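*Asks:* Below are the structure tokens for one structure; questions will follow.
The values are calculated or read from the model by the stated rules, or taken from the named source; none is laboratory data. What you see is a predicted model, and the numbers here were worked out from it, not measured in a lab. All Cβ positions, even for glycine, are placed from backbone atoms using ideal geometry, and neighbour counts span all protein chains on display. Protein only, heavy atoms only, side chains kept; ligands, DNA and RNA dropped before computing areas. Shrake-Rupley method; radii C 1.70, N 1.55, O 1.52, S 1.80 Å.
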Amino acid sequence: MLGTSYDDLTIIIPTLNEAESIGLVLDELFSVGIPPDKVLVVDGYSDDGTREIAESKGVRVVLQEGSGKADAIKTGSKLVKTAYVLVMDGDYTYPAMHVPELHNKIREGYDLVLGCRKYVEKGAVNPLFKFGNRMITMFVNILYGTEVSDVLTGMYITRSSILREIFYEARDFSVEIEIFSHVANTSGKISEIPIKYRRRRGIKKLRVSHGFKITWDLIRLTWRYNPSYLIFLLGAALLIPGLTLGTYVAYHYFFTGIKYYLKGLVAILLTLTGFQSLLMAIMSVYTKRMEMRTLHKINELKTCIDELRTSLEKPR
Ligand SMILES: Nc1nc2c(ncn2[C@@H]2O[C@H](COP(=O)(O)OP(=O)(O)OP(=O)(O)O)[C@@H](O)[C@H]2O)c(=O)[nH]1
Ligand SMILES: [Mg+2]
């Protein structure tokens, strides 16, 4: 059993007008044994007294650089001195009791552990957001060969070096996908634990428009991490007009006797190109996965060699 010292941990809480909940979040963290000096609140210029409440609880509060949740995490990552960082929302949706579980899990040798929202309080997640999250999670799982169930969770723990490495290309609420993509792409070890999720207090900052932004950021990140997949996937979209036109031409050929030669030729070309692109997209996912598995093995070998070297260098 691993110990319960939090010396290697910092908890970053991004906040924007969370006066209603930040006090509750901090009290709950203290109640599970997290000392105030382990918490860093990164505020986005709240005007409702959030900072004052957090300061009165004895935790460190800083104002973020730039704007949005991604910039808040970036600001926090520069100030962290510990090996691990746990990020959690300041809206009292994520119970503090999962902090020790996530902390213990990452110390088993993972690079990122997600708190997957499995036990969700009724009404806490709007069905549209739930659907969007499912689709995005499915997409990243296909892309990276992972098996996570909640990539957009707001409670996760990672190595602080990872938070400093990423480019923060994705804005606002897409930051979680960027962290995930970075770790998956550099063959880091990812795990998840099931957590509870409560109905939020205060005003929601995530809007439907953010869903489109997240999707756009996902496309940009795919371009960065697996461009061939994106190119071929776009090519595969030719299947839609190809098959539609093909059906139209075939219908007329068989049922009305009208023969559309040029349209038929275009339909065949579009369908063949689309089909070929689809196959290439699938191949590109498998190539990527193979690359990641190979990198993973290399990393494991490196760790073994390092351990062997240290044990040989130890004076007997
Ligand atoms: N520093 C900072 N924090 C932000 C900003 N926008 C949102 N946050 C915080 O980031 C966390 C997540 O935002 P939420 O509005 O809870 O978004 P969500 O968790 O995806 O959605 P719901 O909880 O379902 O409403 C909360 O603690 C917010 O206060 C920002 O621009 N700057
Ligand atoms: Mg939230």
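*Asks:* Step by step: first the residues of the range 245-300, then only those that are in a helix (DSSP H, G or I) and among the basic types (Lys, Arg), then the one that is farthest from residue 224 (Cα to Cα). Which residue is that?
*Replies:* 263
*Asks:* So which residues in the range 2-44 are open to solvent by 40 Å² or more (accessible area, probe 1.4 Å) and more than 20 Å from residue 105 (Cβ to Cβ)?
*Replies:* Answer for the range 2-44, where residues must be open to solvent by 40 Å² or more (accessible area, probe 1.4 Å) and more than 20 Å from residue 105 (Cβ to Cβ): 16, 17, 20, 24, 27, 30, 31, 35, 36, 37.
*Asks:* A further question follows. So which residues in the range 191-227 are crowded, with 19+ Cβ neighbours inside 10 Å, among the aliphatic types (A, V, I, L, M) and away from ligand 2 (no atom under 16 Å from the Cβ)?
*Replies:* Hits for the range 191-227 are 218, 221.
*Asks:* When you scan the range 164-187, do you find a residue that is closer than 20 Å to residue 104 by Cα, part of a loop (DSSP other than H, G, I, E, B) and of a type in the set (Ser, Thr, Tyr), even just one?
*Replies:* no
*Asks:* Taking the range 88-129, which residues are at pLDDT below 95, of a type in the set (Gly, Ala, Ser) and out of contact with any Phe, Trp or Tyr (no Cβ under 9 Å at 6 or more places or on another chain)?
*Replies:* 109, 123, listed by residue number.
*Asks:* Please pick out the residue among 157, 136 that is among the β-branched types (Val, Ile, Thr) and at pLDDT 95 or above.
*Replies:* Result of the check over 157, 136: 157.
*Asks:* Another question, if that's okay. For residues in the range 119-137 being aliphatic (A, V, I, L, M) and either farther than 18 Å from residue 209 by Cα or touching a residue at least 60 places away in the same chain (Cβ under 8 Å) (or both), which is most open to solvent (accessible area, probe 1.4 Å)?
*Replies:* Let us first name the residues in the range 119-137 that are aliphatic (A, V, I, L, M), namely 120, 124-125, 128, 135-136.
Subsequent filtering for residues that are either farther than 18 Å from residue 209 by Cα or touching a residue at least 60 places away in the same chain (Cβ under 8 Å) (or both) retains 120, 124-125, 128, 136.
On the way: 120: 64, 124: 20, 125: 49, 128: 104, 136: 18 Å².
Ranking the candidates gives 128 first.
*Asks:* Just give me the residues in the range 138-147 being open to solvent by 60 Å² or more (accessible area, probe 1.4 Å) and in a helix (DSSP H, G or I), in sequence order.
*Replies:* 138, 142 - these are the residues of the range 138-147 that are open to solvent by 60 Å² or more (accessible area, probe 1.4 Å) and in a helix (DSSP H, G or I).
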